[in-house]
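Participant: Below is the structure I would like to discuss, written out as C-alpha cells.
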Amino acid sequence: MVKNVEREIISREFPKNLEERLEAILSSVNTEYKSVTLGFLLDDSWKTKSDIRNTAESYVNPVTNIIPNANSFKAYCISTFIPIGAVAEERIRGRIPVSYYKLTEDGKKYGKPIAQFSLRTAADKNLSMYEIFGSTNSPGKTRSPFNIAKILFELEKEDNLRQVDLVNECGLANVNVRQHLLRLKNIGFVDYDSVSGEESGWSKYEWIKGKNLENIKPVCKLPTLTKKVANKMKELRISDCNELAKILDYKYSAHISKILSGLEKQGFVKKVKFKGKEFKAGEKKSEVSITEKGRKFVSEFLEPVYLALEDDFDGIYQEIEIFDDPSLTSYYISRGFSLYKNVCPGYKRKSKEENESRILQILKNQKLRKKEIDEAFGKDVAIYLKELVESGEIKKEREGSAVYYSLA
C-alpha cells in the first residue's frame, strides 16, 4: 500500500519596486556560478539538485571545469533565487523527502535573460562579477551588489565627488562606502584618494621638484628604506604608503607612512591638495571619480539591466542571441566557471570529498598513471589516490614498471 505524500509549493513574488528589483537581480548574478544556474541550468521543468548539476555537466566537461556540487545548486535556489521570486520549490514529504526547483514566470522573464547577459559581460570583459560586486553578505539594509551599483550611478552622474558625498547620496555608512570604493579602485572602475589624517596610511604625498636626494636624513633609524622610499617618490611624483609598500615589496606600510611623514618634515614631500569641492572642518578629505572603464560598465551592463527591469529588453536580447549556438553556450559557461574559480574565496579550501569526486571524474572510462592524474587535476593528488584505493572506489594495478589507477 502506497502512503500519501505531502506536496508543498514554495514561491515568492518578484519585487514590484524598481530599486528592489535591481537589488534582487544583482544579488543573483554576483557570481558566475549563480548566473549559469539561473540563466542556463534551470527552466520551466521541475529539477532536483542533482538534475541541475547533471545539466551543468551536459554543457561542460567536469574534468576540466570545477562544477559546484549538487548541494551548492540547492543553496543558490533556497538562499537567493526563491526569496526574490525567480525560482519556485516543490517539496515532497514522504519516506524520502525530496525538493524540485524550476523558474517562475518572472524568473523566465527577468532572471534568465539578465543572468545570461551577466555571464556574457563577465566573460567578454575578463572580469568576474564577484570582483565587482563582492559577496551579498553586507551590513545595512541593502546588499553589497546594489550598494556598489548605486555608487557607480552617482559617480556617473557627477564626477569628482567626495566620500562623504557618496555617504549622503547613497544612504550608506562611511566605512561601507570606503570598502566599496577600495574594491572599485582595485579593478580600475574609480580613481579614489583619501588624505584624511583620521585614516592612517591613506595620505597622499607629492615629491617637491628640485630637491636633492643626497640631503635626506634617515627616518626612524631606517636609512636603507628611507632612501628607497625617497627614490621611488621622486620617480612616481605622487604616491602613498600602501602603494609604496606594494611596489617596494615591503611588509610594513606603517614604517613607510612614518618615513613619508619624516620626509615631509624635512621638506622633500608635501601632502596632496585635491581640486574640487571645499572641505568643511571635520569632513574626510577625499576625492572620487569614475574612470572610463567604470563608465563603460555602467553604460554597457548596469543601464541595460535597469532598462530590462522596466521591461525594455532591447539592449539585452541582442547580446544574448549568441546563446542560440550550443558551442558558444558551452564556451561561455566554461569561461564563467574559470573566472569565478580564480577569485572565489573558498576555492582553495575545497573539501576532501569534492577533490576525490573530481578524481573519480578524471578516471571515468580510462586508466591513468599518477603523473597523468596530477596533470589533469592541477596538483599532486597522492593523498587522495591512497584514500580512494583504501576505500575501494578505485583500483591500483601495475603493468610492467608503470602503475595505473582506474575506477573499481
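Bear in mind these aren't lab numbers, they're just calculated from the coordinates by the rules spelled out. Please read all numbers here as calculations on a predicted model, not as lab measurements. Backbone-built Cβ (ideal geometry, glycine too); neighbour counts: all protein chains shown.
Participant: Put +1 on the Cβ of each Lys and Arg and -1 on the Cβ of each Asp and Glu in the chain; which of PHE153, THR104, LEU181 then has its Cα farthest toward the positive end of the dipole?
Facilitator: Result: LEU181.
Participant: Excluding SER391 itself, calculate the net charge of residues whose Cβ lies under 15 Å from the Cβ of SER391, where each Lys or Arg counts +1 and each Asp or Glu counts -1. Please report the intermediate quantities before stating the final value.
Facilitator: Numbers: positive: LYS352, LYS386, LYS395, LYS396; negative: GLU353, GLU356, GLU387, GLU390, GLU393.
Result for the neighbourhood of SER391: -1.
Participant: Assuming R0 = 56 Å, what is the FRET efficiency of LYS270 and GLU57, from their Cβ-Cβ distance, to the nearest 0.05? It would help to have the intermediate numbers written out before the result.
Facilitator: Numbers: r = 60 Å, r/R0 = 1.08.
Taking R0 as 56 Å, the efficiency between LYS270 and GLU57 is 0.40.
Participant: Just name one of ALA245, LEU222, TRP207: the one whose Cα is farthest towards the positive end of the charge dipole of the stretch 205-271 (beta-carbon charges, Lys/Arg +1, Asp/Glu -1).
Facilitator: Working it through, the farthest residue towards the positive pole turns out to be LEU222.
Participant: Hey, can you rank 145-158, 20-33 by average C-beta count inside 10 Å, highest first?
Facilitator: 20-33, 145-158
Participant: Rounded to a whole number of µm²/s, how large is the Stokes-Einstein D of the chain at 20 °C and 1.002 mPa s, given Rh as the Kirkwood radius over C-alpha pairs?
Facilitator: On the way: Rh = 24.9 Å.
It comes out at roughly 86 µm²/s.
Participant: Let me ask something else. Based on the Cα coordinates of the stretch 350-407, what is the per residue volume of their convex hull in Å³? It would help to have the intermediate numbers written out before the result.
Facilitator: Numbers: hull volume 4.3 nm³, N = 58.
Given the Cα convex hull of the stretch 350-407, per-residue volume reads 74 Å³.
Participant: Further question: What's the angle, to the nearest 10 degrees (0 to 90), between helix 174-186's Cα axis and the longest principal axis of the chain?
Facilitator: In the chain, helix 174-186 runs at an angle near 80 degrees to the longest axis.
Participant: Something else: Near GLU264, within a Cβ-to-Cβ distance under 11 Å, what is the net charge of the other residues, with Lys and Arg +1 and Asp and Glu -1? Walk me through the intermediate numbers first.
Facilitator: Values: positive: LYS258, LYS265, LYS270, LYS271; negative: GLU206.
Combined, the nearby Lys, Arg, Asp and Glu give +3.
Participant: Mind giving me the FRET efficiency for LEU328 and ARG295? R0 is 30 Å, r the Cβ-Cβ distance, nearest 0.05 is fine. Please report the intermediate quantities before stating the final value.
Facilitator: Details: r = 28 Å, r/R0 = 0.92.
Efficiency for this residue pair is about 0.60.
Participant: Can you order the peptides 245-252, 297-304, 111-118 by their average number of other Cβ atoms within 10 Å per residue, highest first?
Facilitator: Details: 245-252: 12.4, 297-304: 18.5, 111-118: 24.6.
Peptide ranking by packing, descending: 111-118, 297-304, 245-252.
Participant: What fraction, in whole percent, of alpha-carbon pairs in the stretch 306-408 exceed 18 Å separation?
Facilitator: Numbers: 3325 of 5253 pairs.
Counting every Cα pair in the stretch 306-408, those more than 18 Å apart make up 63 percent.
Participant: If you place +1 on the Cβ of every Lys and Arg and -1 on the Cβ of every Asp and Glu, how big does the dipole about the Cα centre of the stretch 205-271 come out, in debye to the nearest 20?
Facilitator: Computed about the Cα centre, the dipole is about 160 debye.
Participant: Can you list the residues of the stretch 376-408 with backbone N under 17 Å from a point 7 Å past the Cα of ASN365, pointing along Cα to Cβ?
Facilitator: Under 17 Å, as judged by backbone N against the label point of ASN365, lie 406-408 of the stretch 376-408.
Participant: For the stretch 6-133, taking Cα atoms only, what is the radius of gyration to one decimal and the Dmax to the nearest whole Å?
Facilitator: 14.5, 48
Participant: Per-residue ellipticity at 222 nm for the chain, helices alone: DSSP H runs ≥ 4 residues times -39500 (n - 2.57), over residue total, nearest 500 deg cm²/dmol? Numbers along the way, then the final one.
Facilitator: Working: 19 runs with 186 residues, N = 408.
Value at 222 nm, helices only, nearest 500: -13500 deg cm²/dmol.
Participant: In addition: Within a Cβ distance under 10 Å of MET129, other residues only, what is the Lys/Arg minus Asp/Glu net charge?
Facilitator: Working: positive: LYS34, LYS125; negative: GLU32, GLU131.
Around MET129, the surrounding residues sum to 0.
Participant: Taking the Cα centre of the chain as the origin, how large is its charge dipole in debye, to the nearest 20, when only Lys and Arg (+1) and Asp and Glu (-1) carry charge on their Cβ atoms?
Facilitator: On the way: 69 positive and 60 negative charges, 449 e Å.
The calculated dipole for the chain is roughly 2160 debye.
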